[in-house]
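Novice: This is the structure I want to talk about, given as structure tokens.
The values are calculated or read from the model by the stated rules, or taken from the named source; none is laboratory data. Nothing here was measured: the structure is a model prediction, and the numbers come from that model. Glycine gets a Cβ as well: all are built from the backbone with ideal geometry, and neighbour counts include every protein chain shown.
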Amino acid sequence: MLTLAFDTSSKTVSVALLEDRAVLYNAILHREQNHSEVLLPAIDEACRQTGISVRDIGFFACTLGPGSFTGLRIGLSTLKGLMMATGKPAAGVSSLAALALNAEEPDAVIGSMMDAGRGQVYLAYYRRGKDGVLQPVRAPQAQDPRSVEDPFSEPVIYVGDGAVRYAGLIPPLSSPKNKMAPVEQQFISAAAVARLALEKYFRKDFLDPARCAPLYLRSVDALPVAGSSG
């Protein structure tokens, strides 16, 4: 089965194509253009590079949030359009979980942290289970980076542009047991989005295009969208 996945939740846009679990194409784009100008050409380029038609794709996936409010709406609108145009199923995943997959140290807690703007970060913690599957430790929240605590006895590895931007303000990063992920791991990869979505595919946990909506952690900032969260 062919899977098309993409992420528009942050400053970058990422697109990936997978055949079963094998990555055929994966790109992370850093561009100044609006995501609405970048995403569809990036999908076209992924199909061109692999020789795959959108008609051949059996499953779609994108990040639902948290993240950029405009970016999330663009990504989900594109996903809904693909679902309705092709009749194929789709799944949405957490942008923080996709980001956490970048951290490759199996014995560390993963602090997945995105820049939320307004001097805040979106933060969630994960561990890898014995099967390598991410397990959430704490629910995602928006908070001041100076209020981040470290209740863990094991090392914590922080990943994401929020950790990069506010590294000097995050108290746990002053502990020698904790560290930042390498710079090349700080951006969401659509291949990670696809891997998380495939777990939902096998559970038949699909999005309803009439009901799904972005995940906002600061509802006061969210613009009205049609339908309820699904």
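Novice: Only one residue in GLY75, GLY67, GLY71 is more than 19 Å from ASP208 (Cβ to Cβ), in contact with a His (Cβ under 9 Å, 6 or more places away or on another chain), buried (at least 22 other Cβ atoms within 10 Å of the Cβ) and not acidic (Asp, Glu). Which one?
Specialist: One residue alone meets the criteria, GLY71.
Novice: Among residues belonging to the range 78-96 that are touching a strand residue (DSSP E or B) at 6+ places or on another chain (Cβ under 7 Å) and hydrophobic (A, V, I, L, M, F, W, C), point out the one that is surrounded by the fewest Cβ atoms within 10 Å (Cβ to Cβ).
Specialist: MET83
Novice: What number of residues within the range 46-74 satisfy the criterion of being touching a helix residue (DSSP H, G or I) at 6+ places or on another chain (Cβ under 7 Å), in a loop (DSSP other than H, G, I, E, B) and within 21 Å of ALA124 (Cβ to Cβ)?
Specialist: 2
Novice: Please enumerate the residues belonging to the range 164-188 that are out of contact with any helix residue (DSSP H, G or I) (no Cβ under 7 Å at 6 or more places or on another chain) and either of a type in the set (Gly, Ala, Ser) or surrounded by fewer than 13 Cβ atoms within 10 Å (Cβ to Cβ) (or both).
Specialist: GLY168, SER174, SER175, PRO176, LYS177, ALA181, PRO182, VAL183, GLU184
So that you can scan it fast, the table gives a plain yes or no per residue for (1) under 17 Å from MET113 (Cβ atoms); (2) surrounded by 16 or more Cβ atoms within 10 Å (Cβ to Cβ); (3) in contact with a strand residue (DSSP E or B) (Cβ under 8 Å, 6 or more places away or on another chain):
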| residue | (1), (2), (3) |
| --- | --- |
| GLU149 | yes, no, no |
| ILE157 | yes, yes, yes |
| GLY162 | yes, yes, yes |
| LEU198 | no, yes, yes |
| ARG203 | no, no, no |
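Novice: Note down all Cβ pairs under 6 Å where the first residue falls in the range 1-17 and is at positive phi, the second is surrounded by 24 or more Cβ atoms within 10 Å (Cβ to Cβ) and charged (D, E, K, R), and they're at least six residues apart or on different chains.
Specialist: none
Novice: Please go through the range 47-66 and give me each residue that is within 17 Å of the chain's Cα centre (by Cα) and among the polar types (S, T, N, Q), ordered by number.
Specialist: Residue satisfying the conditions is THR63 alone.
Novice: So, one more: Being of a type outside the set (Lys, Arg) and without any contact (Cβ under 8 Å) to a residue 12 or more places away in the chain: is that true of PRO155 here?
Specialist: No: the conditions fail for PRO155.
Novice: Let me ask something else about it. Somewhere in the range 108-125, is a residue outside any strand (DSSP E or B) and at negative phi? Break it down stepwise before answering.
Specialist: Within the range 108-125, the subset outside any strand (DSSP E or B) is 108, 118-119.
Applying the additional criterion that residues be at negative phi yields 108.
Yes, the range 108-125 has at least one match.
Novice: OK, next. Can you tell me how many residues in the range 97-106 are within 8 Å of the chain's Cα centre (by Cα) and either without any contact (Cβ under 8 Å) to a residue 60 or more places away in the chain or within 13 Å of LYS200 (Cα to Cα) (or both)?
Specialist: Matching residues across the range 97-106 total 0.
Novice: Residue by residue through the range 117-141, note down the ones that are crowded, with 17+ Cβ neighbours inside 10 Å and closer than 12 Å to LEU96 by Cα.
Specialist: VAL121, TYR122, LEU123, ALA124, TYR125, TYR126, LEU134, PRO140
Novice: Which one is modelled with the lowest pLDDT, of the residues in the range 16-49 that are touching a strand residue (DSSP E or B) at 6+ places or on another chain (Cβ under 8 Å) and under 20 Å from LEU215 (Cα atoms)?
Specialist: HIS35
Novice: Also: Within the range 175-196, restricting attention to residues that are in contact with a strand residue (DSSP E or B) (Cβ under 7 Å, 6 or more places away or on another chain) and in a loop (DSSP other than H, G, I, E, B), which residue is farthest from ALA27 (Cα to Cα)? Outline the logic, then answer.
Specialist: Within the range 175-196, the subset in contact with a strand residue (DSSP E or B) (Cβ under 7 Å, 6 or more places away or on another chain) is 178-181, 185-191, 193-194, 196.
So of that shortlist, the ones also in a loop (DSSP other than H, G, I, E, B) come out as 178, 181, 186-189.
Values: ASN178: 29, ALA181: 20, GLN186: 14, PHE187: 11, ILE188: 10, SER189: 8 Å.
Looking at residues that are in contact with a strand residue (DSSP E or B) (Cβ under 7 Å, 6 or more places away or on another chain) and in a loop (DSSP other than H, G, I, E, B), I get ASN178.
Novice: Would a scan of the range 82-103 turn up a residue that is within 19 Å of SER36 (Cβ to Cβ) and out of contact with any Leu (no Cβ under 8 Å at 6 or more places or on another chain)?
Specialist: There is at least one residue in the range 82-103 that is within 19 Å of SER36 (Cβ to Cβ) and out of contact with any Leu (no Cβ under 8 Å at 6 or more places or on another chain).
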